[in-house]
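These notes are about the structure you will find just below.
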Amino acid sequence: MKDLQKMHYFEVPTVMKHSLGAVKNIPEALRQLGVKKPLLVTDEGVVKAGLLDKVTKPLKDASISFELYDEVVFNPPLATVAAGTVKYNSTGCDGLVALGGGSSMDTAKAIGVEVAHDEPVIEYECTEDKKVLSKRIPPLTCIPTTAGTGSEVTMWAVITDPKREFKFNVGGPLVAAHLALVDPLLHLSMPNEVTAGTGIDALCHAIECYTCAYAQPQTDAAALMAIEFAGKYLRRAVAYSQDVEARYYMAMSALLAGLSYGSESAGAVHAMTQTMGGIFPVHHGLAVGATLVPVMEYNWMGEPAKYARIALALGVPAIGMNEREAALAAVEAARDLTEDIGIPKLGALGIDKADIPRLAKAAFNDPQTTGNPRDMSIEAYEKIYKRAF
Ligand SMILES: [Fe+2]
């Protein structure tokens, strides 16, 4: 903790339920939330993977009516949210169920903001010149189909404003889901590349939040366990998609990493990847995977003791090493992990080196630069970007 004078605060408005097969409990969960007709927010990929039935069958069996909104796209733009809001309001829904990854969960949260406030979500962007949220979103159940974003327990939704080519945040306790229903069996159909990208995103949330200026004991505790689970189980989940134990602990890694966000933001990796995602249609998790190690190489000196602890959490036999050796071993352990699970470099994700100056400037201006453990500059971002190619 860097600032002991500041009032730190940690709030979790979300009930967390998890088990193999947890999704079968959706009718009871909705009853407890008082929801009679939810809008089910999801995307085409979830439907194609055959996961939609896992939610709709128990609903139909329990005679619970629902409306389906399956038009979510990744890096969801404002129009996707607005269309969902129209569907919610025109069909008499009284609650939300998000089934999918971060895009579906964030879209559902943003629809919730629009329904509750009767205004576009962009009016509530987290900047000083916008409005402050005043109403809780309608009861939202998040059912993640990936293990990465942690959006099921975070207080954040990230939405893309195509006009500005910018991904903005809306957040606070009023935006958080009422219930996270985590069923690792829904993760078995994730393709290896998605497992790798989303899993490394979870690890990155934990590493960034553990070492950023906003860290506090509650978020530290969640982050360390998230790092340990990712270090132990991410390779297994990528190698063998049906490894139920690995899927369970990666789901917990993502959830704990989401909790480690607390009420604040992450650091340089997310400043880089969030701004990049507003400009290019790049998969968030893979972009995070490509930039995580170059940022760690730069950042370790700002929090050497915490980096040494990360090495231990990642399974490095760091006892007996001095602090510098252990901190650098954490960077190498993260490098080994990203290479083992096949995270591509930025060039392979369609980013051009010629865009580095623009991307570095955007990252520097992103609010998440503020919490980074080492002072940042546009030049530093340019160097880090070059190392990610
Ligand atoms: Fe992320």
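Only the coordinates and a few stated rules stand behind these numbers; no lab work does. Just so it is clear, the model here is predicted, and its values are computed rather than measured. Reconstructed Cβ throughout: ideal geometry from the backbone, glycine too, with neighbour counts over all protein chains shown.
In what sequence do I319, I200 fall when counting other Cβ within 10 Å, fewest first?
Numbers: I319 8, I200 27.
With the sparsest Cβ surroundings first, the list reads I319, I200.
Name the long-range amide H neighbours of L68: under 5 Å, sequence gap of 5 or more, or other chain; modelled H, no Pro or chain starts.
Those qualifying (amide H under 5 Å, at least 5 residues apart or on another chain) are L40.
How many percent of all Cα-Cα pairs in the chain sit more than 39 Å apart?
On the way: 8778 of 75466 pairs.
I get 12 percent for the Cα pairs in the chain exceeding 39 Å.
How big is the charge dipole of the range 15-187 about its Cα centre, in debye rounded to the nearest 20, if each Lys and Arg gets +1 on its Cβ and each Asp and Glu gets -1 on its Cβ? Kindly include the intermediate steps, with their values, before the conclusion.
On the way: 18 positive and 21 negative charges, 99 e Å.
With only Lys, Arg, Asp and Glu charged at Cβ, the dipole is about 480 debye.
Find which of A147, V81, P27 sits farthest along the positive direction of the dipole of the range 15-187, computed with +1 on the beta-carbon of Lys and Arg, -1 on that of Asp and Glu, about the Cα centre.
In the range 15-187, that residue is P27.
Using the Karplus equation 6.51 cos²θ - 1.76 cosθ + 1.60 (θ = phi - 60°), what ³J(HN,Hα) coupling, rounded to whole Hz, does each residue of the range 29-46 give in order, writing x for Gly and Pro?
Coupling constants for the range 29-46: 4, 5, 4, 5, 8, x, 8, 9, 9, x, 8, 8, 9, 7, 9, 4, x, 5 Hz.
Placing +1 at every Lys and Arg Cβ and -1 at every Asp and Glu Cβ, with all other atoms neutral, what dipole size does the range 227-270 have around its Cα centre, in debye to the nearest 20? Could the numbers behind the result be given before it?
On the way: 4 positive and 4 negative charges, 32 e Å.
Roughly 160 debye for the range 227-270.
What's the extension gain from C126 to D70 if we count 0.36 nm per residue and subtract their Cα-Cα distance?
Values: separation 56, 0.36 × 56 = 20.16 nm, distance 2.68 nm.
Taking 0.36 nm per residue and subtracting the Cα distance, the gain is 17.5 nm.
Compute the angle between helix 304-313 and the longest alpha-carbon principal axis of the chain, please, reported from 0 to 90 degrees and rounded to the nearest 10.
In the chain, helix 304-313 runs at an angle near 60 degrees to the longest axis.
Taking only DSSP H segments of four or more residues, each worth -39500 (n - 2.57), what value at 222 nm results for the chain once the sum is divided by all its residues, to the nearest 500 deg cm²/dmol?
Values: 14 runs with 188 residues, N = 389.
Estimated from H runs of four or more residues: -15500 deg cm²/dmol.
About the Cα centre of the chain, what is the dipole size in debye to 20, counting +1 per Lys and Arg Cβ and -1 per Asp and Glu Cβ, all else neutral? Don't jump to the answer; show the numbers that get you there.
On the way: 36 positive and 45 negative charges, 73 e Å.
Its charge dipole is roughly 360 debye.
How large is ³J(HN,Hα), in whole Hz, for each residue of the range 374-389 in order, when computed from phi with the Karplus curve 6.51 cos²θ - 1.76 cosθ + 1.60 and θ = phi - 60°, using x for Gly and Pro?
Karplus values, whole Hz, x for Gly and Pro: 10, 3, 10, 8, 4, 5, 5, 4, 4, 4, 4, 4, 4, 6, 8, 8.
Counting other C-beta atoms within 10 Å, and keeping those with at most 14, which DSSP coil trypsin sites (Lys or Arg not before Pro) do you find in the range 97-136?
Values: sites: K109, K130, K131, K135, R136; in loops: K130, K131, K135, R136.
Answer in residue order: K130, K131, K135.
Arranged from highest to lowest average of other beta-carbon atoms within 10 Å per residue, in what order do the peptides 351-359, 43-51 appear? Can you show the working numbers first?
Values: 351-359: 14.8, 43-51: 17.6.
Ranked from most to least packed, the peptides come out as 43-51, 351-359.
Which value results for Rg/Rh of the range 194-325 when Rg is the Cα radius of gyration and Rh the Kirkwood radius based on the inverse mean 1/r?
Working: Rg = 14.3 Å, Rh = 14.9 Å.
For the range 194-325, the value is 0.96.
Rg and Dmax of the range 15-187 over Cα atoms: what are they, in angstrom?
For the range 15-187, the Cα radius of gyration and maximum Cα-Cα distance read 14.8, 47 Å.
Using modelled amide H (1.01 Å from N, peptide plane; none on Pro or chain starts), what sits under 5 Å from the amide H of A180, excluding residues fewer than 5 places away?
Under 5 Å from the amide H of A180: V15, M16, K17, C142.
Given the alpha-carbon gyration tensor of the range 34-105, what are the semi-axes of its equivalent ellipsoid in whole angstrom, ordered largest first, with each equal to the square root of 5 times an eigenvalue?
Numbers: eigenvalues 74, 53, 13 Å².
Rounded to whole Å, the semi-axes are 19, 16, 8.
So how much slack lies between E11 and D61, counting 0.36 nm per residue of separation and subtracting their Cα-Cα distance, in nm? Working shown, then result.
Details: separation 50, 0.36 × 50 = 18.00 nm, distance 3.54 nm.
The span from E11 to D61 would gain 14.5 nm if fully extended.
Calculate, in nm to one decimal, what L188 and V86 gain on full extension: separation in residues at 0.36 nm each, minus their alpha carbon distance.
On the way: separation 102, 0.36 × 102 = 36.72 nm, distance 3.29 nm.
Between L188 and V86, full extension yields an extra 33.4 nm.
Averaging sequence separations of C-alpha pairs under 8 Å and six or more residues apart, then dividing by the length of the range 15-187, give the relative contact order as a whole percent. Present the calculation step by step, with values, prior to reporting the outcome.
Working: 362 pairs, mean separation 48.2, N = 173.
Over the range 15-187, the number comes to 28 percent.
Taking the Cβ-Cβ separation of R164 and I319 as r and a Förster radius of 45 Å, what is the calculated FRET efficiency to the nearest 0.05? Don't skip to the answer; put the middle values down first.
Working: r = 49 Å, r/R0 = 1.09.
Once the sixth-power term is evaluated, E becomes 0.40.
Past the 25 angstrom mark, what percentage of all C-alpha to C-alpha distances in the range 157-269 do you count? Present the calculation step by step, with values, prior to reporting the outcome.
Details: 1689 of 6328 pairs.
Cα-Cα pairs in the range 157-269 separated by more than 25 Å: 27 percent.
What list do you get for H117, H284, H205 if you sort them by fewest beta carbons within 10 Å? Can you show the working numbers first?
Details: H117 17, H284 24, H205 32.
Fewest to most other Cβ atoms nearby, the residues stand as H117, H284, H205.
Choose one of M376, L359, I64: the residue whose Cα lies farthest towards the positive end of the charge dipole of the chain (beta-carbon charges +1 Lys, Arg; -1 Asp, Glu; about the Cα centre).
I64
Which percentage, to the nearest 5, of the DSSP beta bridges contained in the chain is antiparallel?
25
Any idea what the relative contact order of the range 192-387 is, in percent, if you count C-alpha pairs under 8 Å spaced at least 6 apart? Could the numbers behind the result be given before it?
On the way: 326 pairs, mean separation 54.3, N = 196.
Computed value for the range 192-387: 28 percent relative contact order.
Using a 10 Å cut-off on Cβ atoms, rank the peptides 180-188, 92-100, 237-245, 57-65 from the highest mean neighbour count down.
On the way: 180-188: 23.4, 92-100: 25.0, 237-245: 16.9, 57-65: 13.2.
Descending packing order for the listed peptides: 92-100, 180-188, 237-245, 57-65.
Each residue of the range 70-78 in turn: what ³J(HN,Hα) in whole Hz from Karplus with 6.51, -1.76, 1.60 and θ = phi - 60°, glycine and Pro shown as x?
10, 9, 5, 10, 6, 6, x, x, 3
Using mean Cβ contacts within 10 Å as the protection proxy, how do 337-350, 253-266 order, highest first? Intermediate values should be presented prior to the final figure.
Values: 337-350: 17.2, 253-266: 26.6.
Most protected by this proxy first, the peptides run 253-266, 337-350.
Considering amide H positions built from the backbone, and no H for Pro or chain starts, which residues 5 or more places from K167, or on another chain, come under 5 Å of its amide H?
D161, G278
Tell me the relative contact order for the chain as a rounded percent, counting alpha carbon contacts under 8 Å between residues six or more apart. Before the final figure, lay out the partial values.
On the way: 818 pairs, mean separation 61.4, N = 389.
It comes to 16 percent, rounded to a whole number.
Label points 7 Å out from Cα along the Cβ direction at K24 and R136: separation in nm?
If labels sit at K24 and R136, their model points lie 3.0 nm apart.
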